[in-house]
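A short worksheet on the structure shown next.
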Protein chains: 4
Amino acid sequence: MIMFNCDYNEGCHPNILKRLVDSNMDQHPGYSEDDLSAHAKELIKKACGRDDVDVHILVGGTQTNMTVISACLRTYQGVISCETGHIARHETGAIEAHGHKVLTIPSGDGKITAEQIKKYCHTHFTDESFEHVVQPGMVYISSPTELGTTYCRKEIEEIRKVCDEYNLYLYLDGARLGYGFASKGNDLDLPFLASVCDVFYIGGTKQGALMGEACVICNDALKKDFRYIIKQNGGMFAKGRLLGIMFEELFSNDLYMELSRHAIAMAEKLAAGMEAAGFKKYAESPTNQQFFCMPDKYGEILAEKYGFSNEGRIDDEHFIARFCTSWATKEENVDALLEDVKKLA
Amino acid sequence: MIMFNCDYNEGCHPNILKRLVDSNMDQHPGYSEDDLSAHAKELIKKACGRDDVDVHILVGGTQTNMTVISACLRTYQGVISCETGHIARHETGAIEAHGHKVLTIPSGDGKITAEQIKKYCHTHFTDESFEHVVQPGMVYISSPTELGTTYCRKEIEEIRKVCDEYNLYLYLDGARLGYGFASKGNDLDLPFLASVCDVFYIGGTKQGALMGEACVICNDALKKDFRYIIKQNGGMFAKGRLLGIMFEELFSNDLYMELSRHAIAMAEKLAAGMEAAGFKKYAESPTNQQFFCMPDKYGEILAEKYGFSNEGRIDDEHFIARFCTSWATKEENVDALLEDVKKLA
Amino acid sequence: MIMFNCDYNEGCHPNILKRLVDSNMDQHPGYSEDDLSAHAKELIKKACGRDDVDVHILVGGTQTNMTVISACLRTYQGVISCETGHIARHETGAIEAHGHKVLTIPSGDGKITAEQIKKYCHTHFTDESFEHVVQPGMVYISSPTELGTTYCRKEIEEIRKVCDEYNLYLYLDGARLGYGFASKGNDLDLPFLASVCDVFYIGGTKQGALMGEACVICNDALKKDFRYIIKQNGGMFAKGRLLGIMFEELFSNDLYMELSRHAIAMAEKLAAGMEAAGFKKYAESPTNQQFFCMPDKYGEILAEKYGFSNEGRIDDEHFIARFCTSWATKEENVDALLEDVKKLA
Amino acid sequence: MIMFNCDYNEGCHPNILKRLVDSNMDQHPGYSEDDLSAHAKELIKKACGRDDVDVHILVGGTQTNMTVISACLRTYQGVISCETGHIARHETGAIEAHGHKVLTIPSGDGKITAEQIKKYCHTHFTDESFEHVVQPGMVYISSPTELGTTYCRKEIEEIRKVCDEYNLYLYLDGARLGYGFASKGNDLDLPFLASVCDVFYIGGTKQGALMGEACVICNDALKKDFRYIIKQNGGMFAKGRLLGIMFEELFSNDLYMELSRHAIAMAEKLAAGMEAAGFKKYAESPTNQQFFCMPDKYGEILAEKYGFSNEGRIDDEHFIARFCTSWATKEENVDALLEDVKKLA
């Protein structure tokens, strides 16, 4: 079975593995108070072009989202998200479990606009019974989104303006941030995000690490006591050195971007081949997730040899098939898939 | 100013007031462990035709909803509701504050159907990543709804069947229950609700009491330790005798239904008069809330003398105007309004 | 049965009742946005000697405590309380249900000292693993306490100093505030509390109202959006006018203090009579709750005619018996009790 | 610097590391639905002598505790714990953040007795106002405890009886379970725990793994939907295969017990040497944590070369010094410490 069903099927990049082996019996203090973690944080700050951000590395994405969001909001506030946002759909209500409503905005492409957010807030604050309704307190966006699309600078800058107008925090979920950075037409980078977001995270799990998401806090108001909040959420990792190693390596020798570029090259090849074989794209994604309208009969055949995910039905004979590439995707596997695909269509 | 903006503008029915005065200096134990409360509960049980239900009287609706729903659900479960449901829109996220997502279903008339619920549940339980999504654990419906519409027996019975199929609790919010019972075409009654719901509440606040909602627990699994849950939610009322008096009086001498019939008669008169004067109904409501497409210019004029609520814009020149009648509505006030309305159109 | 078991056995003072009757059919907007509520708040502000405090009237004590405390604390913070504090013992974990630990300090008399609080905070902030421990964020005290004792100015001022040093909010639960003000040796008053507390509440339920606790917010940082928080906690009372009436009457014509003085006079008479009859005080309380070491055999006899509460065992033959007086206590009932008591000892 | 300050200073046992390297580029499904995880669970079930338990491997201890405890309790219930229990002291209120009070019982040695629990429950359920108090719903014990002490079969069996009597779940935190099993006088083993506990966990992080705690659910009532709960708590680890590898290796070739025995041998040597050098034990621990009464002056000297933790002051001149050994402790390091210690005393 060759798997394209997600971007975390393999372990980690060999550089990381080597470092794990080499440092294994070194003694370090726990809870990310070690030198490796400190170094990783320095590298990330440098990459963000800012000394004054706080960096915390957590184990996983849902944990990061629930920790950040509950740290930002007051009890009666909610977080604005695209209706397909990860926090709205795929975290078993972790945000609600922390007491906060996810305020969803409809979208066809996984993105929300400044105008939509502005309208949402305007409606709230001009409603006669506004105190009976959850108050928007922050905006959550992902880039890339769940549908593989990405934001550009202008879009995020406009969202920032609305956030300032309505006193909302802006949080960007970058589980696949590098895959966005490496995609065609991208104009985002870390210094930009550090200048425009109150907080964002740089994904490790899907980008070559065994685990780990690096949360970058840019707004001073959110820095105080953040480690208490991590601990209370079960996110204070005992052997924090491991998280340090992940990001030390990813942020050395341009590894993070190198791996990202590889995933995108593989995604582009896969997409071109599928289209050449007659498969229609379901969504226009420039990143490592590619969505196709898959006839059921072909889906069944491909599923015998390949892993990919079913993201819902389109009609009685088609479903949405998602194929992911990653830092670890072997070109020979893409080639094998494209060979088999050609035979179908 | 004559107020039609809601159904809780006045105090309470004189019978209740008299009873309050007469019993004022009697000594009773606190926390609803008094004889008056016991009697009220007996009357409600009798009206439900069942000895084996548990009755708890709470102060208000949001408090009742959050107490009941959090008592029913496990931590990872959510409650299915119409997107215009009170818990989804007008409780400042009280359900989410208890850790539970409100799983909304779209609707034009404030009602949801058995088929919609079934489809929602089917989608959930057949999703590959179902464990990453909030599990539906109960269904919340109101009758009358926020839009004044009502359910009939058949609709609720069908919902019950889906609840049984997917192991969901069924909870009915009856903040305006009597106004539904008294409405044209109604075929619901308390014994029916007690037979089909796991739990429901009979509204007092909007139906002639100073306050109080009588929560009827029909499912044995939900009875145990309910008073702990009330207390933890800040809902254990010290002078519970007052809540007892409210429902003793409402459920004596057919008062509850008598007051309900009055409100409906007033609503029908108001609606007929408005329509006669050329105002279009925005929604078809047989109960005490009447919704009209109100031209802005007429709205402004009426607002000088009458209270009514603005429920959102229809277009650039019209908004939804809601007029409520209640147990306390004076016919002369309806007449005055209709006189003035005639002059406009 | 004559009840001394608590201070909320009766309804309310006749002035309040009269006002309820007189205003019953007036139309008022809901949710405490009516004139009566506005007036009540003005009276309270005046009594506090400050225009710049915010006043919110909630239905009950537990509701007020959980609303205030959760409004003050960040997620990882806890509230320091005497181990016998109401929030620590008798609210079914309502504070924990809001996510916050009650950090208890031992005490023999229901009070905690500035020094104890200082030591607690010092220990926390100098602990190596402080981030793994709940951070103290506020101090909760009651006056009178659960044991009937009271704080004096100097004690509260010293606590205030420690709060300033460690950045803690100071909250005073005044469920029986008037009974404290009327007690021998008292030097507290509303202007003092308004100057020293971040927030406190003036109890109504136990002091002559049907219900209602007036929460006074003195610290600007806590004022914003408080009504959202009330609503989310199920505490937004529909017919807020009733709460307004309670405090309008209590704060007119010195009624609040007049009723308080009556309760204290009755308590002093009761205590003197019990002691004269040979019953030993269990605790030294100058307020309306009186605690005695009650031999089981006498307790049984008295319980046939009188209500009082058993607050725990002292030894194999004695328990703590609490007798409460209140605004409503009839002197003839105290006399009857003392007559019967004399016969025993 | 040689570290004895905790038992998670190093990475993992070489067998685990080798396996990580060998399997690194294999493709596996995420979220612990892979073959390695399945195999690890089989090995643990076999070690427990039961096919019918459910095993879930989570990343860390606090996460496991908060997930298990919130899965067991109803909203108004609390968990009984020793006052020095990890959940009571060192999890930044994670249990309270889930809405539950930790009901503490005093203890000198980190253990609580069946009798104490029985008395606590008896007091609760016979209290007149029991519904105003948090209901005990489960018992949390650790073995080894925070003070290095252990339970024996008889003690746990007696606790089980009380749990049955009062309908409490019994949960054992086994963060250092192997170090307990390998200690002198131990009569516990996995089959016993699986027969007596409703749920317990086998620690990996402190016992030779990079991370991971294997939660064993023995009570059928707790098995349903547990993965939803893990996900909602941010504990669903993407690359679950890693957790599988940890426990596959630990539970192959008797590695878990072999490493445990090593740690105990080192602890015994360390303790004997310290005592020989005149240092008094602060607590009698047969496991890998050793507590000494450390004069401040010697503590300062040792701290230049050795890491150990300060667990609080004893008097003006002494503090409690904790030295931990582990699976990774090098005998040469213990020897070095003992050499230096000899020179002091």
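Within segment D:15-42, the set of residues being open to solvent by 50 Å² or more (accessible area, probe 1.4 Å), in contact with an Asp or Glu (Cβ under 7 Å, 6 or more places away or on another chain) and part of a helix (DSSP H, G or I) comprises D:Asn15, D:Arg19, D:His39. Which members of segment D:307-325 meet the condition of being in contact (Cβ under 8 Å) with a residue 60 or more places away in the chain, assigned to a loop (DSSP other than H, G, I, E, B) and more than 18 Å from the chain's Cα centre (by Cα)? Passing the criteria: only D:Phe308.
Any residue that is polar (S, T, N, Q), surrounded by 13 or more Cβ atoms within 10 Å (Cβ to Cβ) and without any contact (Cβ under 8 Å) to a residue 24 or more places away in the chain - is there at least one of those in segment C:326-337? Break it down into steps so the answer makes sense when it comes.
Initially, segment C:326-337 is screened for residues polar (S, T, N, Q), giving C:326, C:329, C:333.
Pick out the ones that are also surrounded by 13 or more Cβ atoms within 10 Å (Cβ to Cβ) and you get C:326, C:329, C:333.
If we keep only those that are without any contact (Cβ under 8 Å) to a residue 24 or more places away in the chain too, we end up with none.
No, there is no match, as no residue in segment C:326-337 is polar (S, T, N, Q), surrounded by 13 or more Cβ atoms within 10 Å (Cβ to Cβ) and without any contact (Cβ under 8 Å) to a residue 24 or more places away in the chain.
Please indicate, with yes or no, whether at least one residue in segment C:191-203 is within 10 Å of chain B (Cβ to nearest Cβ) and touching a residue at least 40 places away in the same chain (Cβ under 8 Å). Working first, answer last.
To start, the set of residues in segment C:191-203 that are within 10 Å of chain B (Cβ to nearest Cβ) comprises none.
Scanning segment C:191-203 turns up no residue that is within 10 Å of chain B (Cβ to nearest Cβ) and touching a residue at least 40 places away in the same chain (Cβ under 8 Å).
Look at A:Val59 and say whether it is within 8 Å of another protein chain (Cβ to nearest Cβ), closer than 28 Å to D:Gly30 by Cα and either open to solvent by 10 Å² or more (accessible area, probe 1.4 Å) or β-branched (Val, Ile, Thr) (or both). Before you say what the answer is, go through the steps one by one.
Working: within 8 Å of another protein chain (Cβ to nearest Cβ): yes; closer than 28 Å to D:Gly30 by Cα: yes; either open to solvent by 10 Å² or more (accessible area, probe 1.4 Å) or β-branched (Val, Ile, Thr) (or both): yes.
Spelling it out, A:Val59 is indeed within 8 Å of another protein chain (Cβ to nearest Cβ), closer than 28 Å to D:Gly30 by Cα and either open to solvent by 10 Å² or more (accessible area, probe 1.4 Å) or β-branched (Val, Ile, Thr) (or both).
Test B:Gly180 against the criterion of being open to solvent by less than 10 Å² (accessible area, probe 1.4 Å), within 17 Å of the chain's Cα centre (by Cα) and farther than 30 Å from D:Val134 by Cα, and give yes or no. Yes.
Only one of these is small (Gly, Ala, Ser), part of a loop (DSSP other than H, G, I, E, B), touching a residue at least 40 places away in the same chain (Cβ under 8 Å) and at positive phi: D:Gly235, D:Gly278. Name it. Talk me through it step by step, then tell me what you get.
Values: D:Gly235 fails: at positive phi.
Of D:Gly235, D:Gly278, the one residue that is small (Gly, Ala, Ser), part of a loop (DSSP other than H, G, I, E, B), touching a residue at least 40 places away in the same chain (Cβ under 8 Å) and at positive phi is D:Gly278.
Of all positions in segment C:117-126, at least one carries a residue that is more than 14 Å from chain B (Cβ to nearest Cβ), outside any strand (DSSP E or B), in contact with a helix residue (DSSP H, G or I) (Cβ under 9 Å, 6 or more places away or on another chain) and buried (at least 22 other Cβ atoms within 10 Å of the Cβ).
Within segment A:16-38, is there a residue that is closer than 30 Å to A:Phe308 by Cβ and either among the charged types (D, E, K, R) or within 19 Å of the chain's Cα centre (by Cα) (or both)? No - not one qualifying residue is present in segment A:16-38.
The number of residues in segment D:273-306 being of a type in the set (Asp, Glu) and under 25 Å from the mean Cα position of the chain (by Cα) comes to 1. Looking only at residues in segment B:138-177 that are within 26 Å of B:Thr75 (Cα to Cα) and charged (D, E, K, R), the one that is farthest from the chain's Cα centre (by Cα) is B:Glu165. Condition (residue is surrounded by fewer than 22 Cβ atoms within 10 Å (Cβ to Cβ), within 14 Å of chain D (Cβ to nearest Cβ) and charged (D, E, K, R)) applied to segment A:81-100: is it met by at least one residue? Scanning segment A:81-100 turns up at least one residue that is surrounded by fewer than 22 Cβ atoms within 10 Å (Cβ to Cβ), within 14 Å of chain D (Cβ to nearest Cβ) and charged (D, E, K, R).
Got a sec? Which of D:Glu213, D:Glu146 is under 30 Å from D:Gly244 (Cβ atoms) and within 14 Å of chain C (Cβ to nearest Cβ)?
On the way: D:Glu213 fails: within 14 Å of chain C (Cβ to nearest Cβ).
Just one listed residue meets the conditions, D:Glu146.
Restricting to segment C:43-65, name every residue that is part of a helix (DSSP H, G or I) and farther than 25 Å from C:Asp109 by Cβ. Reasoning before the result, please.
Of all residues in segment C:43-65, those part of a helix (DSSP H, G or I) come to C:43-48, C:61-65.
Those that are part of a helix (DSSP H, G or I) and farther than 25 Å from C:Asp109 by Cβ: C:Leu43, C:Ile44, C:Lys45, C:Lys46, C:Ala47, C:Cys48, C:Gln63.
Could you tell me which of the residues D:Lys111, D:Lys45 is open to solvent by 10 Å² or more (accessible area, probe 1.4 Å), touching a residue at least 24 places away in the same chain (Cβ under 8 Å) and either touching a strand residue (DSSP E or B) at 6+ places or on another chain (Cβ under 7 Å) or within 8 Å of chain A (Cβ to nearest Cβ) (or both)? Sole residue among the options that is open to solvent by 10 Å² or more (accessible area, probe 1.4 Å), touching a residue at least 24 places away in the same chain (Cβ under 8 Å) and either touching a strand residue (DSSP E or B) at 6+ places or on another chain (Cβ under 7 Å) or within 8 Å of chain A (Cβ to nearest Cβ) (or both): D:Lys111.
Residues considered: A:Gly137, A:Gly78. Of these, the only one that is surrounded by fewer than 24 Cβ atoms within 10 Å (Cβ to Cβ), at pLDDT 95 or above and assigned to a strand (DSSP E or B) is A:Gly137.
Could you list, in sequence order, all residues of segment C:1-42 that are touching a strand residue (DSSP E or B) at 6+ places or on another chain (Cβ under 8 Å) and more than 9 Å from chain B (Cβ to nearest Cβ)? C:Phe4, C:Asp7, C:Ser32, C:Ser37, C:Ala40, C:Lys41, listed by residue number.
Would you be able to say whether some residue in segment C:173-183 is among the acidic types (Asp, Glu) and in a loop (DSSP other than H, G, I, E, B)?
Step one: filter segment C:173-183 for residues among the acidic types (Asp, Glu), giving C:173.
Checking which are in a loop (DSSP other than H, G, I, E, B) leaves us with none.
No, the conditions are met nowhere in segment C:173-183.
Filtered by the rule that a residue be under 26 Å from D:Leu177 (Cβ atoms) and either touching a helix residue (DSSP H, G or I) at 6+ places or on another chain (Cβ under 6 Å) or of a type in the set (Phe, Trp, Tyr) (or both), segment D:275-305 gives D:Tyr282, D:Thr287, D:Asn288, D:Gln290, D:Phe291, D:Phe292. When segment B:218-247 is limited to residues that are surrounded by fewer than 24 Cβ atoms within 10 Å (Cβ to Cβ) and more than 14 Å from every other protein chain (Cβ to nearest Cβ), the one that is nearest to the chain's Cα centre (by Cα) turns out to be B:Cys218. Look at (1) in contact with a Pro (Cβ under 8 Å, 6 or more places away or on another chain); (2) more than 8 Å from every other protein chain (Cβ to nearest Cβ) and you find that C:Leu73 fails only one, number (1).
The values are calculated or read from the model by the stated rules, or taken from the named source; none is laboratory data. Keep in mind the model is a prediction, meaning the values are calculated, not measured. Note that we place each Cβ from the backbone using ideal geometry, even for glycine, and neighbour counts take in every protein chain shown. Just so you know, the surface numbers come from the protein's heavy atoms only, side chains and all, with ligands and any DNA or RNA stripped out. Shrake-Rupley method; radii C 1.70, N 1.55, O 1.52, S 1.80 Å.
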